[in-house]
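Input: a single structure, listed below in structure tokens.
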Amino acid sequence: MKIGFYGFGSIGKTIARVALSRGHDVVSVVDVDERIVGRDVGEVLGVGSMGVKITKDVSELELADVVIHATGSYLDKTFNQIASVVRMGIDVVSTCETLAYPYYRYPILSIRLDQLARENGVVVIGTGINPGLLLDTLVVVVAASIPTVKGIRAVRSVDAARRRESFRRKIGVGEDPRIVLEKLSKGMITGHVGYAESVHLIALAGDLQLDKVIEGQEPVVAEENIDSGGVMVEKGLNKGIKGFGAGYVKEREVIKLEFHAYVGAPEFEEIEIIGEEHTVKWRSTGTHGDLGTAAVILNVAEKIRYLEPGLRLMTDLLPFKIRFLTK
């Protein structure tokens, strides 16, 4: 494929490197960072000159078969960017977390984007490692073997010391926990984005009408001095976050998803499907966040031509449905 990139931060660059290793061509890159605008893409990636310059000119994306969009987490901030590519008649795969299930936070923008994509004969889809795979799509796959599902519990745990510095900043590592709480409440840092989106994707896969969805996250205070992988956190300061999303039918919690991201955390994903007759538990040894994101984004991009035009969800790629017990 000929791939264009709208946004070339750390995730965009990681996806580009994996794309090149898969034999795809990077034909255009758009970014606003003055430190890289005008530079050769290959030189920025450290692979030698490629003859493609990074630009602010969005029209350069017309060269691409598909555009990887990686600039922000919230659809209201990224809508115009995505729409500009859609109007060129080019498919878009985005890392925007709220685009994984945009109907929850942005119902009007979702309808507008779906209509625009249909009018221009293209597909728009939001995905990634989480939301996109580990706490939603994979949950649906694991649940496929259970005849009737009473409840779902899933946890992802990552050691923030193994993640990039920008990730640690957005979860407030090393800061006063009270300040982290304030920053989270004011949107100055995001923590993890996508708890509710993952809950809704799972519910959609089972045609489950949720009565309410709640989500929240809080700092994790270091109980002693920590030095993990060269990342140091003093006792009493914030070492990361724990958060959750939960979906209810009446007052019964049917879906519960948790994300733990702090310095020194164990690395794993665990999915428990509670069936009417038996329960299945699946557990991994952990998934690399950035490389996992790159793999998922490119896997979806390589299949996007098989989807019908419009705003699509990861559940559109799955052959499985969940049968929930709602009594």
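Values quoted throughout were computed directly from the atomic coordinates according to the rules given, and no laboratory measurement underlies them. On a predicted model such as this, the values are computed, not experimentally measured, just so you know. Every residue, glycine as well, gets a Cβ built from its backbone with ideal geometry; the counts of neighbours run over all protein chains shown.
Some points to look at:
- Compared with the alpha-carbon gap, the fully stretched path from Val280 to Asp57 is longer by 75.2 nm at 0.36 nm per residue.
- Linear extension gain, Lys77 paired with Arg164, 0.36 nm per residue minus alpha-carbon span: 29.0 nm
- Net charge of the neighbourhood of Arg163, taken over other residues with C-beta under 14 Å away and scored Lys/Arg +1, Asp/Glu -1, is +3.
- Spread of Cα-to-Cα distances over 10 Å intervals beginning at zero, given as percent, for the range 1-89: 18, 56, 24, 2
- Per-selection Kirkwood Rh - the range 110-208 (Cα, Å, 1 d.p.): 16.4 Å
- Principal axis extents of the C-alpha atoms in the chain (largest first, rounded to whole Å): 57, 49, 34.
- A Förster distance of 41 Å, applied to the separation of the beta-carbon atoms of Glu270 and Arg87, puts the FRET efficiency at 0.45.
- DSSP bridge orientation in the range 24-167 - percent antiparallel, rounded to nearest 5: 10 percent
- Equivalent ellipsoid semi-axes, the range 25-156, via Cα gyration tensor eigenvalues times 5, rooted, Å: 32, 19, 13
- Sites Lys303 and Met188 - FRET efficiency at Förster radius 41 Å, r taken between beta-carbons, to 0.05: 0.65
- All other residues whose Cβ lies under 11 angstrom from that of Gly89 are scored, Lys and Arg at +1 and Asp and Glu at -1, for a net of -3.
- Simple label model, 7 Å out from Cα along Cβ direction - Gln115 to Ala144, nm: 3.5 nm
- The value of relative contact order for the chain, using C-alpha pairs under 8 Å at least six residues apart, is 21 percent.
- The base-10 log of I(q)/I(0) for the range 137-287, evaluated at q = 0.20, 0.21 Å⁻¹, reads -1.15, -1.21 [Debye formula, identical scatterers on Cα atoms, solvent excluded].
- Treating r as the C-beta distance of Met232 and Glu253 and R0 as 35 Å, the FRET efficiency rounds to 0.40.
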